[in-house]
Amino acid sequence: METEIEISEDAVLGGRLRLRQPLRGHRFGHDAILLAAATGARGGEHAVDLGAGVGAAGLALAARIPDLQVSLLEIDRTLSELAAWNARLNHLDDRVRAYAVDVETVASLTAAGFATGTVDRVLMNPPFRDAERQNVSPDPRRRLAHVGSPGLLRRWIATAAWLLRPGGVLTLIWRADGLDTAAGELRSAFGALALQSVLPKPSAPAIRVLVRAVKAGSGTQTDYPPLSLNDEHGEPTEAAEDVLRRGNTLTIAEV
């Protein structure tokens, strides 16, 4: 790799995937696996993972859907190289490719060979921490992955709209307290929104929201029952285990 860093190799989805990632800085977590589980896709389609990191979400999706082509887009070259490595490690490199590109710049996307209106699915877990409201990591790689600059969500949604064909589907995971902002940003280019909240336990407020949106879709909205990660005793729920360990899809993922 371009920069030598310490890495670990970790099991994901109950060992169905092995992923290498930096020991320090940004490390994937539940969000990536939840995002993959919320993304419906079919064999023969092309899915693009924006801000893919080491490829956790895109590779989890590719492992679930045979014959799905997946592109992993990541601005951090070291993480992009790890994503390519992980595709090979899991024998998915015949249909998964990693690109070191700036997902906010059309010139960068076109230089990498992407064209507008050609992608079936986009999934993304944008950086959503606000540096003005929250403490941020001093680690530059972790900060890049977690902290969003003003207008970042709007720019990423614009990129998704640029990539997707009419009727193509965007799936994203975002802060639950930022749902109104996310929905507002989606309204201009997307419709047919579907929402599913993620709770730490049944009696607690949501911490994440999964959103599915159809490019040029109708203005309808569907609300799915929330997913609780743990029960009131702090033990993982069967529903969460089905997704995070057994690789099942969430109800928001369309057939």
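Got a number for residues in the stretch 12-41 being within 19 Å of SER71 (Cα to Cα) and in contact with a helix residue (DSSP H, G or I) (Cβ under 7 Å, 6 or more places away or on another chain)?
Taking the stretch 12-41 as the starting set, the residues that turn out to be within 19 Å of SER71 (Cα to Cα) are 17-21, 28, 31-41.
With in contact with a helix residue (DSSP H, G or I) (Cβ under 7 Å, 6 or more places away or on another chain) added as a condition, the list becomes 17-21, 28, 32-37, 39, 41.
Within the stretch 12-41, residues that are within 19 Å of SER71 (Cα to Cα) and in contact with a helix residue (DSSP H, G or I) (Cβ under 7 Å, 6 or more places away or on another chain) number 14.
Per-residue answers, yes or no, for (1) free of Cβ contacts under 8 Å to residues at least 24 places away in the same chain; (2) not hydrophobic (A, V, I, L, M, F, W, C):
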| residue | (1), (2) |
| --- | --- |
| ILE173 | no, no |
| ASP177 | yes, yes |
| LEU195 | no, no |
| PRO200 | no, yes |
| ARG212 | no, yes |
| ALA216 | no, no |
| GLN221 | no, yes |
| GLU238 | yes, yes |
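Those residues that are touching an Asp or Glu at 6+ places or on another chain (Cβ under 8 Å) and either under 14 Å from GLU81 (Cβ atoms) or modelled with pLDDT under 95 (or both), I need them from the stretch 27-53; list them, please.
ALA52, GLY53, listed by residue number.
In the stretch 103-123, what count of residues is obtained for those that are closer than 25 Å to ALA38 by Cβ and assigned to a loop (DSSP other than H, G, I, E, B)? Give the derivation first.
So the first thing to find is which residues in the stretch 103-123 are closer than 25 Å to ALA38 by Cβ, and the list is 103-104, 109, 114, 116-123.
In the following step, the residues that additionally are assigned to a loop (DSSP other than H, G, I, E, B) were identified as 103-104, 114, 116-118.
Here the count works out to 6.
Considering only the stretch 26-45, how many residues are surrounded by 19 or more Cβ atoms within 10 Å (Cβ to Cβ) and under 23 Å from VAL101 (Cβ atoms)?
7
Of all the residues that make up the stretch 44-62, how many are closer than 16 Å to ARG18 by Cα and touching a helix residue (DSSP H, G or I) at 6+ places or on another chain (Cβ under 7 Å)?
The number of residues fulfilling the criteria is 9.
Of all the residues that make up the stretch 154-180, how many are surrounded by 20 or more Cβ atoms within 10 Å (Cβ to Cβ), in a helix (DSSP H, G or I) and among the small types (Gly, Ala, Ser)?
2
ILE207 fails exactly one of the following numbered conditions: (1) modelled with pLDDT under 95; (2) under 22 Å from GLY51 (Cα atoms). What is the number of that condition?
Condition (1) is where ILE207 drops out.
Could you please find all residues in the stretch 78-108 being of a type in the set (D, E, K, R), under 16 Å from the mean Cα position of the chain (by Cα) and more than 20 Å from ALA161 (Cα to Cα)?
ARG97
Just checking, does the stretch 233-250 include any residue being touching a helix residue (DSSP H, G or I) at 6+ places or on another chain (Cβ under 6 Å), within 18 Å of PHE128 (Cβ to Cβ) and not in a strand (DSSP E or B)?
No.
For the structure I just gave you, tell me whether ALA194 is part of a loop (DSSP other than H, G, I, E, B) and either at pLDDT 95 or above or not small (Gly, Ala, Ser) (or both).
Numbers: part of a loop (DSSP other than H, G, I, E, B): no; either at pLDDT 95 or above or not small (Gly, Ala, Ser) (or both): yes.
For ALA194, the condition - part of a loop (DSSP other than H, G, I, E, B) and either at pLDDT 95 or above or not small (Gly, Ala, Ser) (or both) - is not met.
Taking the residues in the stretch 105-125 that are touching a Phe, Trp or Tyr at 6+ places or on another chain (Cβ under 7 Å) and surrounded by fewer than 19 Cβ atoms within 10 Å (Cβ to Cβ) as candidates, determine which candidate is farthest from ALA216 (Cα to Cα).
Out of the qualifying residues, it is ALA112.
If I filter the stretch 65-100 down to residues being in contact (Cβ under 8 Å) with a residue 40 or more places away in the chain and in a strand (DSSP E or B), which single residue comes out as nearest to THR39 (Cα to Cα)?
The residue in question is SER71.
Looking only at the stretch 46-98, which residues are more than 17 Å from ILE173 (Cβ to Cβ), surrounded by 22 or more Cβ atoms within 10 Å (Cβ to Cβ) and not hydrophobic (A, V, I, L, M, F, W, C)?
Hits for the stretch 46-98 are SER71, ASP76, SER80, ASN86.
The values are calculated or read from the model by the stated rules, or taken from the named source; none is laboratory data. Note that this is a predicted model, so its numbers are computed, not measured. With ideal geometry, Cβ positions are generated from the backbone for all residues, glycine too; neighbour counts draw on all protein chains shown.
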